[in-house]
1. Take the residues in segment B:115-140 that are within 14 Å of chain A (Cβ to nearest Cβ) and farther than 21 Å from residue B:29 by Cβ, then tell me which one is surrounded by the most Cβ atoms within 10 Å (Cβ to Cβ).
2. Within segment A:272-287, which residues are more than 9 Å from chain B (Cβ to nearest Cβ) and either aromatic (Phe, Trp, Tyr) or assigned to a helix (DSSP H, G or I) (or both)?
3. Might you let me know whether segment A:419-439 holds any residue that is assigned to a loop (DSSP other than H, G, I, E, B), under 28 Å from residue A:190 (Cα atoms) and touching a Lys or Arg at 6+ places or on another chain (Cβ under 8 Å)?
4. With the condition kept exactly as written, say whether any residue in segment B:180-193 is over 23 Å from residue B:43 (Cβ atoms), part of a helix (DSSP H, G or I) and within 20 Å of the chain's Cα centre (by Cα).
5. Just the residues that are hydrophobic (A, V, I, L, M, F, W, C) and over 18 Å from residue A:248 (Cβ atoms), please, taken from segment A:293-340.
6. Being surrounded by 19 or more Cβ atoms within 10 Å (Cβ to Cβ) and in contact with a Cys (Cβ under 8 Å, 6 or more places away or on another chain) is the filter here; which residues of segment A:440-474 pass it?
7. Which one of A:59, A:23, A:3 is of a type in the set (A, V, I, L, M), surrounded by 15 or more Cβ atoms within 10 Å (Cβ to Cβ) and modelled with pLDDT of 65 or more?
8. Got at least one residue in segment B:32-46 being among the β-branched types (Val, Ile, Thr) and touching a Cys at 6+ places or on another chain (Cβ under 7 Å)?
Amino acid sequence: MSLPQPVAVDRRTAAPSSPPGALFSSYWLDGAYDEMFDRTGQARPQCRALVEDLLAASLPRLRQHQTEADTAFLTQGITFTVYGDEAGTERIFPYDLLPRIITASEWATVERGLAQRLTAINLFLRDIYHEERILAEGIVPRELVYSCRHYRREMRGVRIHRDTYVSIAGTDLVRLHDGQFVVLEDNLRVPSGVSYMLANREVMKRVFPGLFARYNVSPVSDYGQALLATLRTLAPPSRTDPTLVVLTPGVGNSAYFEHAFLAREMGVPLVEGRDLLTHDNAVYMRTTSGLRRVDVIYRRVDDDFLDPLAFRTDSRLGVPGLLNAYRAGNVSLANAIGTGIADDKALYAYIPDIIRFYLSEDPVLPNVETYLMSKPDDRRYALDHLAELVVKAVGESGGYGMLIGPHSTAIEREAFRNKILADPRNFIAQPTLAFSRAACFTGEGIEPRHVDFRPYALYGDRVRIVPGGLTRVALRKGSLVVNSSQGGGSKDTWVLQD
Amino acid sequence: MLLSRAADGLYWIARYLERAEHTARLIEVGLDLGLGRPVATTRGAADRLYGSLGLSEVMQGPSARASLVAAALFDPSNRNSVASCVRAARENGRQVREEISSDMWEQLNALFLAVRHINANPVGGSQPRSICRTVIAGIHLFQGITDATMGHGEGWQYLQAGRFIERASSTAAVIDAFVADQAMAEGARLEQIDWVALLRSCSALEAYCRYYTADVRPERVTEFLLLSADFPRSVRFATSRIESALLALARVTGRGGRADRLVGRLHSSLDYGQVDEILNDDPRAYLAGISSQCSLIHTALHESYVAYPIESAIPA
């Protein structure tokens with residue numbers, strides 16, 4: 001099965017469009033890896049059935065499916081909040097109709113790589129808050145750790161049950177031109193988006209029931225059980241029948257839908273800071289039957305806001321006294337406090353070394369080449385090549401605080417140059433990646449758009465990874481930014497079984 | 001086990017929806033009254049209906065009436081308008097999303113979207129009626145979904161409590177709007193059409209006719225709406241539901257008390273009440289008493305389960 005006509009490696013050779021293939025008339029292929037077609041325009045084996053279906057589809061039918069999907073999200077209230085936008089307090093997360101397909105063998109590599117990475121990161125966090133072997137041996141520079149905004153001195157010497165610091169990780173992967181997955185960044189504090197992985201699948205089942213019959217797709221629906229099982233293993237050992245809660249900043253938070261969704265999937269209460277209190281170094285929640293002890297908190301509130309007595313005093317989202325209860329071992333938090341040091345974008349450059357140091361293994365999933373602005377040589381190179389590089393602030397997420405060199409103006413580059421020189425530790429640079437594209441329905445036809453991939457790994461007594469993830473799409477033509485706050489959307493991601 | 005904040009959210013979902021439904025029904029009846037009859041004969045009944053919503057002094061002329069209807073239905077600055085109540089119910093639903101079923105949430109959300117859509121797309125004069133129909137039908141659907149998809153445990157009892165506390169006090173308020181005029185001087189005596197309007201505003205006309213025949217008399221209407229044991233919008237019926245919800249809550253949580261006693265007292269007074277005594281004595285004071293007891297029950301419920309002092313609950 002191949003693209004009907006303008007299998008356009010070179011768009012100038014495009015033939016006049018014929019009706020069945022009209023949907024693909026604006027499709028193009030170039031240096032970037034295409035998830036659906038190989039370089040010659042042949043559909044990849046795992047995509048053949050999908051392409052067949054699409055060739056038989058008509059534009060009105062796809063539009064109708066798109067409307068069905070959008071309506072499903074709207075009536076289910078699957079929305080997110082955009083900050084800094086007065087009118088649109090709630091929006092649906094744009095959804096692309098077409099599934100992105102990952103083969104069983106590709107997934108096996110991803111799974112192995114994520115498990116390895118998460119294991120090493122947990123060993124690293126345990127080490128830097130205790131013995132600091134890796135610092136003593138000079139593998140990771142001491143000042144890099146201590147100068148990180150997310151390093152928490154309060155966690156020095158605190159014993160964490162099972163030494164599980166990061167129990168929920170969302171790792172952003174991209175596929176390079178040769179089809180290999182590489183890690184773009186780790187999200188080890190409060191990664192979000194997993195509810196969209198689940199919601200996308202449900203909507204896909206409603207809209208394209210027929211396609212599922214042609215594929216052997218791994219189910220993702222047991223994520224809730226896997227999360228619950230993981231969180232249970234974190235409970236303080238003395239608590240035999242632990243009470244779990246999800247802690248949300250509240251309905252105003254952009255990911256509130258997800259917090260409520262996960263609480264419901266697990267069957268545990270969704271609490272806000274005002275529902276909790278501490279007494280005698282234990283945490284309680286206010287229920288209609290009186291106070292009830294809380295043992296494990298899956299917190300979706302950042303470290304800074306967790307406890308106004310310990311961190312930001314102006315926080316009303318947290319629980320006064322929580323840190324002390326945590327240090328006393330009377331309550332567990334997922335993720336632990338202070339994990340942000342490991343997803344600092346400058347520390348990221350050291351993760352391959354961290355994996356080698358603790359596990360004596362080579363990384364399964366490589367990193368993207370990264371220049372640290374705190375290193376003079378790297379900085380000199382980057383400042384000379386700003387127009388080709390992507391510059392990121394180390395502590396930011398959500399696509400904020402970024403310079404994309406090839407899409408930037410001279411004024412923007414100058415501004416970043418000054419920022420870098422003023423605070424080198426705060427910036428890294430990476431080559432602008434031609435990451436892969438997947439076929440998307442634009443409303444007018446099918447065109448390729450850049451995508452990334454965020455699978456979710458859980459770590460309690462062992463690593464659990466639900467076969468799937470969130471594929472985020474840069475819906476604007478040519479855009480490389482997939483964040484929902486910046487015009488990104490998502491699509492269902494199918495991991496096939498053998 | 002239920003979070004106090006979630007209990008409060010559930011309670012308010014039901015209260016706001018009941019309020020929206022009540023308002024929508026009153027508006028619907030008020031609009032309908034004006035059709036096919038001389039304005040002069042129906043103005044009194046419509047004024048009383050709107051008056052019981054706390055909305056009007058007597059409004060003159062059709063344009064004033066239209067703006068009154070708009071205020072009751074859509075005005076976002078009126079916290080008791082139908083649109084505001086639906087929005088508030090949905091907002092509470094969003095806050096207790098994990099406590100209600102997905103079907104309930106989707107219906108609540110669909111109702112909210114439908115009201116917003118009607119509000120944003122005015123189509124001539126049909127808009128107020130269509131919103132009333134949409135809201136009443138949508139809330140009935142929500143209640144059916146609730147009963148069919150949510151466990152009838154603690155959370156469900158808060159929905160019941162909120163719904164019936166709101167119903168008892170709003171039915172008392174609308175009866176009061178008619179009884180007040182009836183009690184005044186001879187000249188202001190109400191006509192049959194007024195009492196029919198009152199019955200219709202509580203969806204009670206058909207049930208009344210089945211019970212008493214179509215002979216509509218003031219004392220019978222009052223008796224039916226106040227003291228009927230099995231008509232679901234009567235004050236007595238609502239009170240019995242509040243009582244069973246509160247007793248169930250006390251059983252589950254072991255924290256009953258003042259609220260149970262208050263509702264038991266109100267329920268008994270209605271169980272053994274006599275309509276002739278009530279009307280001959282001071283019906284307005286009696287109705288005002290029902291409203292104030294409802295708000296005492298509300299406060300007691302809140303203090304027992306939601307806003308109790310921490311000191312009383314800390315483990316020794």
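1. B:116
2. Selection gives A:273 alone.
3. Checking segment A:419-439: at least one residue is assigned to a loop (DSSP other than H, G, I, E, B), under 28 Å from residue A:190 (Cα atoms) and touching a Lys or Arg at 6+ places or on another chain (Cβ under 8 Å).
4. no
5. Once the filter is applied, which keeps residues that are hydrophobic (A, V, I, L, M, F, W, C) and over 18 Å from residue A:248 (Cβ atoms), segment A:293-340 yields A:309, A:310, A:323, A:325, A:328, A:336.
6. A:446, A:448, A:449, A:473
7. A:23
8. Among the residues of segment B:32-46, not one is among the β-branched types (Val, Ile, Thr) and touching a Cys at 6+ places or on another chain (Cβ under 7 Å), which makes the answer no.
The values are calculated or read from the model by the stated rules, or taken from the named source; none is laboratory data. For clarity, every value in this text was computed on a predicted model and none was experimentally measured. Methodologically, a virtual Cβ is constructed for each residue, glycine included, from the backbone with ideal geometry; neighbour enumeration extends over all protein chains shown.
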